[in-house]
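Read through the structure below, which is laid out as structure tokens, and then see the notes.
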Amino acid sequence: MEDGDQVIKKFMYMNRKAPYGTIYALESLEVVLIAAAFDQDVSLVFADDGVYQLMKNQNTEEIGMKNFSPTYSALGDYDIKKIYIEKESLDERGLSLDDLQDLKYEDEDDDWAEKDSIHLVSREELAEVIDQQDVVFSF
Amino acid sequence: LVKFGILVNEGPYTHQASDSAYEFAKAAIEKGHEIFRVFFYHDGVNNGTSLAVPPQDDRHIPNRWSELAKEHSVDLVLCVAAAQRRGILDEDEAKRNGKTSNNVAEGFRISGLGQLIEAGIQADRMVVFGD
């Protein structure tokens, strides 16, 4: 956990709510973008209705709200490359990974090769990942 | 003994989260633990309004936080972005945005989201109150 003087902790941001209808998803994304500046070990989770946050082709024109979904594709540039999607949450909603944005990052240790940020995990596997965290923020 | 960080994600009265967070903080302090910071986000920033006037026979949630801050020097931080959206402004923010009044209750201060991340780094345990 110690890296010289700097403490590096495992931070998890758990997104469990639909993107619109409440402000949680938008404000959670604001936390994640700020957190990226702190050089911590960051993971994002999308579970329950939170999986809708990553849906492709979102259009908010008729609800008068800003469509902030394009921001997720920039997460790789913020060095956020561990994104866990809970499989059961997709299944329960009749969704698959094909319905979601394809999030990538460039691996600086591998000649900037483009790699997948998204890890599809079962509920059981997700519990293990959560267990490994130091700090879990749930939004 | 444990150094706690607390995140409050819900507003007062509508949701029990801020009551639970308050009771938790108070109990932790009574047992000798330290509260590094309480950070208020989402509608949680409404816990820090100085303009709440609840009925006499009900608890006064913002005042209760202010007293906790006064008695035990607990750092109560309202997220600036969340607060501005919801009309919670301190004197500086009011001036900067051309508003004629401000409404941050005693013992609270307004600051950025970095304060939440810092609490996560510094605290032994981060406890989140909300849905």
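Miscellaneous remarks
- Scope the range B:27-40; condition within 14 Å of chain A (Cβ to nearest Cβ) and farther than 25 Å from A:A25 by Cα; matching residues: B:F36
- Each residue in the range A:1-28 was checked for being open to solvent by 10 Å² or more (accessible area, probe 1.4 Å) and either of a type outside the set (S, T, Y) or closer than 13 Å to A:E86 by Cα (or both), and 18 pass.
- Considering (1) of a type outside the set (S, T, N, Q); (2) out of contact with any helix residue (DSSP H, G or I) (no Cβ under 8 Å at 6 or more places or on another chain); (3) surrounded by fewer than 20 Cβ atoms within 10 Å (Cβ to Cβ), the lone condition that B:A123 does not fulfil carries the number (3).
Per-residue answers, yes or no, for (1) surrounded by fewer than 19 Cβ atoms within 10 Å (Cβ to Cβ); (2) charged (D, E, K, R); (3) more than 14 Å from chain B (Cβ to nearest Cβ):
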{"position": "A:I83", "(1), (2), (3)": "no, no, yes"}
{"position": "A:E88", "(1), (2), (3)": "yes, yes, yes"}
{"position": "A:L95", "(1), (2), (3)": "yes, no, yes"}
{"position": "A:D99", "(1), (2), (3)": "yes, yes, yes"}
{"position": "A:L103", "(1), (2), (3)": "no, no, yes"}
{"position": "A:W112", "(1), (2), (3)": "yes, no, yes"}
{"position": "A:D116", "(1), (2), (3)": "yes, yes, yes"}
{"position": "A:V129", "(1), (2), (3)": "yes, no, yes"}
{"position": "A:Q133", "(1), (2), (3)": "yes, no, no"}
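- Boolean, A:F68 is touching a residue at least 24 places away in the same chain (Cβ under 8 Å) and surrounded by 18 or more Cβ atoms within 10 Å (Cβ to Cβ): no
- None of B:D92, B:D43, B:D57, B:D75 is more than 14 Å from every other protein chain (Cβ to nearest Cβ), surrounded by 16 or more Cβ atoms within 10 Å (Cβ to Cβ) and of a type in the set (D, E) except B:D75.
- Residue list for the range A:101-139, restricted to those being assigned to a helix (DSSP H, G or I) and closer than 12 Å to A:D79 by Cα: A:E108
- Among residues of the range B:1-26, those that are in a helix (DSSP H, G or I) and either within 13 Å of chain A (Cβ to nearest Cβ) or open to solvent by less than 50 Å² (accessible area, probe 1.4 Å) (or both), counted: 7
- Residues of the range A:15-39 satisfying the condition of being free of Cβ contacts under 8 Å to residues at least 12 places away in the same chain and more than 7 Å from chain B (Cβ to nearest Cβ): A:G21, A:T22, A:A37
- Some residue of the range A:48-55 being under 25 Å from B:H42 (Cα atoms), polar (S, T, N, Q) and out of contact with any helix residue (DSSP H, G or I) (no Cβ under 6 Å at 6 or more places or on another chain): no
- Consider the range B:27-40 and keep the residues that are of a type in the set (G, A, S) and on the phi < 0 side of the Ramachandran plot. The one that is least open to solvent (accessible area, probe 1.4 Å) is B:A28.
- Residue match in the range A:56-79 (condition: within 14 Å of another protein chain (Cβ to nearest Cβ), within 21 Å of A:V121 (Cβ to Cβ) and aliphatic (A, V, I, L, M)): no
The values are calculated or read from the model by the stated rules, or taken from the named source; none is laboratory data. Keep in mind the model is a prediction, meaning the values are calculated, not measured. Every residue, glycine among them, receives a Cβ derived from its backbone with ideal geometry; neighbour counts consider all protein chains shown. For the accessible areas, the whole protein counts, side chains as well, though only heavy atoms, and no ligand, DNA or RNA atoms are used. Shrake-Rupley method; radii C 1.70, N 1.55, O 1.52, S 1.80 Å.
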